[in-house]
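All remarks here apply to the structure that follows.
The values are calculated or read from the model by the stated rules, or taken from the named source; none is laboratory data. Note that this is a predicted model, so its numbers are computed, not measured. For neighbour counting, all protein chains shown are included, and Cβ atoms are generated from backbone atoms with ideal geometry for every residue, glycine included.
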Amino acid sequence: MRVFSGIQPTGAIHIGNYLGAIRQWIELQDKNECIFCIVDLHALTSPYDPAKLENSILEKAIVYLAAGVNPEKSVIFIQSQVKEHTELTWLLNTVTPLGDLGRMTQFKEKSKKFKENVNAGLLNYPVLMAADILLYQTEIVPVGEDQKQHVELARTIARKFNQKFGETFKIPEAKISETGKRIMSLSYPAKKMSKTDPSESRIDIFDSPEKIKEKIMRAVTDTGKSIKYDLKKKPGISNLLTIYSLLANKTIEELEKKFEKKGYAEFKKTLANAVIDALDPFRKKQQEFLSRDVYVKTILEQGKKRAQLIAGSTMADVRKKMGLS
Ligand code: AQP
């Protein structure tokens, strides 16, 4: 099966991105043809510093490699280096219903979050994402729950295009992890953990042990004392239990039992150590890749070439079907 997914190079990659998306990528890459992209064109829709973008892209490539994406099995490349993404976006715009774009949750949320910068790119973001996915004749899109609506729209766009111009695109399907689909903010457990929120609300995958401890000890919990999974009454503790369970490979029931007679402070201390242990190999690999930037750049260059081959072939078909020479 062909798999495609990506992450924006804005901000630092956190455990929400890892547990919702990257962990699925690693599982999928053994038996599928995987393409993982650093979606820099998407990142331009939110305020950013052009002088820092290149470095931020390289950092994300290092995250992919440090977290276990294997460049011998998977293609890793930078979205803006394959021009077919922007070309296909324009063409897909012509079959995308405008009303659908205005209804997207992410558009509504980001328009509120960045009131000073509600640009047309923010509205068209899902069309670029549809182009990313459809260019590679993708069958599986491993993402967090927040991206489900965008994958649904990519399916709608693909169907509309196929109906109007003849069978061209495969219809992709979102793959959403049952347990890691929505890791919540440490400061506001009702909101998802997010790259563009303040640093104390999330754990970044390269955070130092001291930072991890500090953030977890300050994480918002709930009234009461028990360590019980209850999304409605105890969203803070439930989120911490989910993080613990996924990073330490223990069931929620096991953890509830382990902390049956313990208080929040002890739970948080043990959780902090578990998170530090789980992220330790990533920090070590990060150091290794930081000193091998030529190797990382070569991987991105090779990835670009492999991506261009597939994207170019899809675009040739699209252009022909749409009557463009
Ligand atoms: N909290 C989360 N829990 C589970 N999965 C998540 N993802 C994001 N947040 C969580 C998934 O991570 C992938 C990469 O996301 P992205 O960079 O393309 O954009 P995003 O969804 O906008 O990521 P952030 O971290 O939330 O950044 P901002 O602050 O820009 O909104 C996607 O598969 C996403 O579902």
Do we have any residue at all in the range 155-163 that's of a type outside the set (Ser, Thr, Tyr), farther than 24 Å from residue 88 by Cβ, away from the ligand (no atom under 16 Å from the Cβ) and assigned to a helix (DSSP H, G or I)? no
Top-ranked residue in the range 131-152 [being more than 14 Å from the ligand (Cβ to nearest atom) and part of a helix (DSSP H, G or I); ranked as nearest to residue 317 (Cα to Cα)]: 135
Scanning the range 299-309 residue by residue, those without any contact (Cβ under 8 Å) to a residue 24 or more places away in the chain and either touching a strand residue (DSSP E or B) at 6+ places or on another chain (Cβ under 7 Å) or over 10 Å from residue 77 (Cα atoms) (or both) turn out to be 309
Check whether at least one residue in the range 200-209 is among the hydroxyl-bearing types (Ser, Thr, Tyr), at pLDDT 95 or above and surrounded by fewer than 16 Cβ atoms within 10 Å (Cβ to Cβ), and report yes or no. yes
Could you check the range 175-189 and list, in sequence order, the residues that are assigned to a loop (DSSP other than H, G, I, E, B) and over 23 Å from residue 3 (Cα atoms)? 185, 186, 187, 188, 189
Looking for something within 16 Å of the ligand (Cβ to nearest atom) and either closer than 30 Å to residue 125 by Cα or aliphatic (A, V, I, L, M) (or both) - is there at least one such residue anywhere in the range 208-215? no
Search the range 1-53 for residues being of a type in the set (S, T, N, Q) and touching a Phe, Trp or Tyr at 6+ places or on another chain (Cβ under 9 Å), and hand back the single one that is farthest from the ligand (Cβ to nearest atom). 29
Tally up the residues in the range 142-199 that are out of contact with any His (no Cβ under 9 Å at 6 or more places or on another chain), closer than 29 Å to residue 237 by Cα and among the small types (Gly, Ala, Ser), please. 7
Surrounded by 13 or more Cβ atoms within 10 Å (Cβ to Cβ) and either over 30 Å from residue 113 (Cα atoms) or in the same structural domain as residue 56 (by TED's automatic domain parsing) (or both): is that true of residue 219 in this structure? no
Name the single residue that is nearest to the ligand (Cβ to nearest atom) among those in the range 174-196 being more than 19 Å from residue 22 (Cβ to Cβ), surrounded by fewer than 20 Cβ atoms within 10 Å (Cβ to Cβ) and not small (Gly, Ala, Ser). 191
Residues to consider are 179, 196; find the one that is under 16 Å from the mean Cα position of the chain (by Cα) and farther than 19 Å from residue 39 by Cβ. 179
Restricting to the range 277-309, what's the tally of residues that are of a type in the set (Val, Ile, Thr) and under 22 Å from the mean Cα position of the chain (by Cα)? 2
